[in-house]
Structure formats: structure tokens, C-alpha cells
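The values are calculated or read from the model by the stated rules, or taken from the named source; none is laboratory data. From a predicted model like this one, the values you see are computed outputs, not experimental measurements. Ideal geometry is used to build each Cβ from the backbone, glycine not excepted, and the neighbour counts take in all protein chains shown. Protein only, heavy atoms only, side chains kept; ligands, DNA and RNA dropped before computing areas. Shrake-Rupley method; radii C 1.70, N 1.55, O 1.52, S 1.80 Å.
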Amino acid sequence: MDGCAQMCKCFLILFNILFALVGLGLVALGMWLRFGAETRGFFDIDLHTTQFNIGVMVLVVTGVLMLLVAIIGDCGACNNSKPALGVFSGLLTVLIIIEITAGVMAFMWSDRVSDELVNFYATIYAQYLNTRSPAQAVTLELFNNAFDCCGVGGPIEMFVRDTCPKGSFLQKLMYSSCPSVIKDVFHSNAPLVLGGFLGTAGIMVSPSGALQRSHSDILKYST
């Protein structure tokens with residue numbers, strides 16, 4: 001095998017190792033979002049959570065596919081297997097299509113998802129005022145720290161301030177309401193999310209280029 005084919009082979013192996021780690025991270029994130037104590041309320045509260053369910057499903061399915069693609073790609077590169085590299089290229093194309101579709105969906109659904117997050121936060125907040133449940137406190141703290149906000153507008157009860165981002169007493173009184181911050185964040189960052197998905201899809205194209213470049217060199221050693 002000449003130097004060019006050897007370099008492409010090493011690139012594919014390293015790419016697939018990183019690909020597998022990212023896929024494992026996506027699966028772990030999806031499982032945490034679905035079953036984590038802080039986020040289980042997304043699915044337990046009676047809201048229209050179709051987008052949440054689809055989002056988690058896309059994360060898990062994409063992560064599993066990335067793991068599968070990485071394993072097949074490494075096997076094909078290490079063993080110079082033409083069928084394995086063909087399957088790798090096909091699955092990678094499917095993943096690229098999924099990434100582009102997910103990015104477009106996330107962009108189109110940003111307003112709807114922000115509305116549901118606002119409803120979810122308001123529901124948790126109202127329930128926490130009555131129950132003071134530790135699980136709801138964790139969820140509020142997660143939102144408050146993620147969006148650097150606290151409360152739903154107006155005076156914030158003393159025990160709710162414990163879930164606000166860390167700061168002085170005066171800072172806790174001056175935090176913006178979470179419903180308005182959540183809407184602003186989704187509205188301003190929707191194009192960035194779309195760009196992130198499209199950028200990821202672009203990165204996935206690189207091993208396809210390596211396969212095409214070294215096709216005649218790597219695959220001729222297949223058995």
C-alpha cells in the first residue's frame with residue numbers, strides 16, 4: 001500500500017474513533033434527557049412534548065448510527081474490506097441527511113420549542129411554590145443556571161432564590177424572568193443551531209472524500 005493510501009487509512013481510523021466517542025456522547029445525552037431526574041419532568045408533565053420526544057429520539061438514533069458507522073468504518077479500513085467500506089460510505093450518507101434534516105427541523109421548530117419550554121418552566125415553578133419538591137428545585141436550578149435567569153417575573157419568593165444562579169442578594173433580585181430569556185435565546189440562536197448542524201454534516205463529508213481519493217489504492221487490497 002502506497003503512502004497516500006496509508007495516510008487515508010490512518011485518517012479513516014482516527015476519524016472513526018472520534019466519531020464513536022461523539023456518538024457515545026449523543027446516546028448518553030439522550031438517555032440523560034429522557035431519564036435524568038432534572039429533565040424527566042419534560043415527559044411527565046401534561047404538555048405537548050412531541051418536539052422533546054422527537055429531539056431525544058434523534059439524539060439516540062443518531063448516536064447509535066454514529067457508533068455503528070465508526071465500528072464498520074474501522075473494520076473496513078483495518079481489514080481493507082470493500083463491502084465494509086461500502087456500507088460505511090452508505091451509512092455516512094444517511095447520517096449526513098439526518099444532520100441536515102435535524103438542523104432544518106430545529107430551526108423551524110425553535111419558536112414552538114421555546115413556547116413549550118416556557119410553559120414547562122412556568123408549570124414547574126407554580127408547582128414548586130406549593131410542593132417545594134427537591135426534584136422540582138433541581139429542575140428550576142438547571143434552567144436558572146442554563147439561561148442565567150430566575151423566576152417568572154415579579155417578586156421571587158425567598159425559598160425560590162436558592163435555585164437562582166449564585167450571586168449576591170441584590171443580583172438575585174435583578175435577574176431577568178426566565179420566560180422572556182428563554183424566548184430571546186431561542187430566537188437569537190436558531191440560525192446558529194442550524195449552522196452547527198450543517199457544519200457537522202460538512203465535517204462528515206471529509207471521510208467520504210478520503211474514501212473516493214483512495215478508492216483504487218485501498219480497495220484493491222481487499223480479499
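Quick one: what pairs do we get from the stretch 175-203, first residue farther than 12 Å from residue 118 by Cα, second outside any helix (DSSP H, G or I) and of a type in the set (A, V, I, L, M, F, W, C), C-beta under 9 Å, 6+ apart or different chains?
Within 9 Å, the pairs are 175/149; 175/150; 175/156; 175/164; 176/149; 176/150.
Exactly one condition in (1) at pLDDT 85 or above; (2) open to solvent by less than 60 Å² (accessible area, probe 1.4 Å) is not met by residue 145; state its number.
(2)
Check the stretch 138-154 and report whether any residue there is part of a helix (DSSP H, G or I) and β-branched (Val, Ile, Thr).
Looking only at the stretch 138-154, we keep the residues that are part of a helix (DSSP H, G or I), and these are 138-147.
Subsequent filtering for residues that are β-branched (Val, Ile, Thr) retains 138-139.
Among the residues of the stretch 138-154, at least one is part of a helix (DSSP H, G or I) and β-branched (Val, Ile, Thr), which makes the answer yes.
Run down 139, 123, 163, 101 and say which single residue is open to solvent by less than 20 Å² (accessible area, probe 1.4 Å), of a type in the set (Ser, Thr, Tyr) and under 29 Å from residue 194 (Cβ atoms).
Working: 123 fails: open to solvent by less than 20 Å² (accessible area, probe 1.4 Å); 163 fails: under 29 Å from residue 194 (Cβ atoms); 101 fails: open to solvent by less than 20 Å² (accessible area, probe 1.4 Å).
Residue meeting the stated conditions: 139.
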